[in-house]
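Take a look at the structure set out below.
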Amino acid sequence: MFSWMRRHEKKSPEVVRTVTAGLKELYKKKLLPVEEFYRFHDFHSPALEDADFDNKPMVLVAGQYSTGKTTFIRYLLEEDIPGARVGPEPTTDSFVAIMHGDAAGITPGNALIVDPNKPFRKLNPFGNTFLNR
């Protein structure tokens, strides 16, 4: 009796502590199986890993030579960047990822792509020449 009333019972919502945890769970449950079924990773891009969700957002600063990119980053950080040089001619011909850490230092690109906690593992197909920059 009154079985029609049970159809409209509200389901209890799943508890998600953070947005990134919710996105990670949604990706693994819903989107990843579809990507694997259609072999999306074979022709477009590799699957997302936990590091892609857990790391802080990144900002790419791009521009012509001598437009003040290094000076701008130095202004934001309020300290010098290890290995950076500021001068009148092209002085930087490499990629720099500035990340929070206990001590300032330089980590080679080859070491960054091996670390599963960093979101740089997908740069491996570009080879050693790119990673040494």
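Any residue at all in the stretch 28-49 that is assigned to a helix (DSSP H, G or I), under 15 Å from the mean Cα position of the chain (by Cα), acidic (Asp, Glu) and at pLDDT 85 or above? For the stretch 28-49, residues assigned to a helix (DSSP H, G or I), under 15 Å from the mean Cα position of the chain (by Cα), acidic (Asp, Glu) and at pLDDT 85 or above: absent. Only one of the numbered conditions (1) without any contact (Cβ under 8 Å) to a residue 12 or more places away in the chain; (2) of a type in the set (Phe, Trp, Tyr); (3) farther than 26 Å from Ala21 by Cβ is violated by Tyr65, and that is (1). Counting the residues of the stretch 48-80 that are open to solvent by 100 Å² or more (accessible area, probe 1.4 Å), of a type in the set (Ser, Thr, Tyr) and under 18 Å from Phe95 (Cα atoms) gives 1. Once the stretch 50-95 is narrowed to residues that are of a type in the set (Phe, Trp, Tyr) and not in a helix (DSSP H, G or I), the residue that is modelled with the highest pLDDT is Tyr65.
For the stretch 103-133, a residue qualifies if it is at positive phi and open to solvent by 60 Å² or more (accessible area, probe 1.4 Å), but none of them does. Of all residues in the stretch 13-47, those satisfying the criterion of being of a type in the set (A, V, I, L, M) and open to solvent by less than 80 Å² (accessible area, probe 1.4 Å) are Val16, Ala21, Leu32, Val34, Ala47.
The values are calculated or read from the model by the stated rules, or taken from the named source; none is laboratory data. Treat the numbers as computed from the prediction; the structure is a model and nothing was measured. Here the Cβ is made from the backbone with ideal geometry for all residues, glycine too, and neighbour counts use every protein chain on show. The protein model used for the area step is the full one, side chains on, heavy atoms only, and it has no ligands, DNA or RNA in it. Shrake-Rupley method; radii C 1.70, N 1.55, O 1.52, S 1.80 Å.
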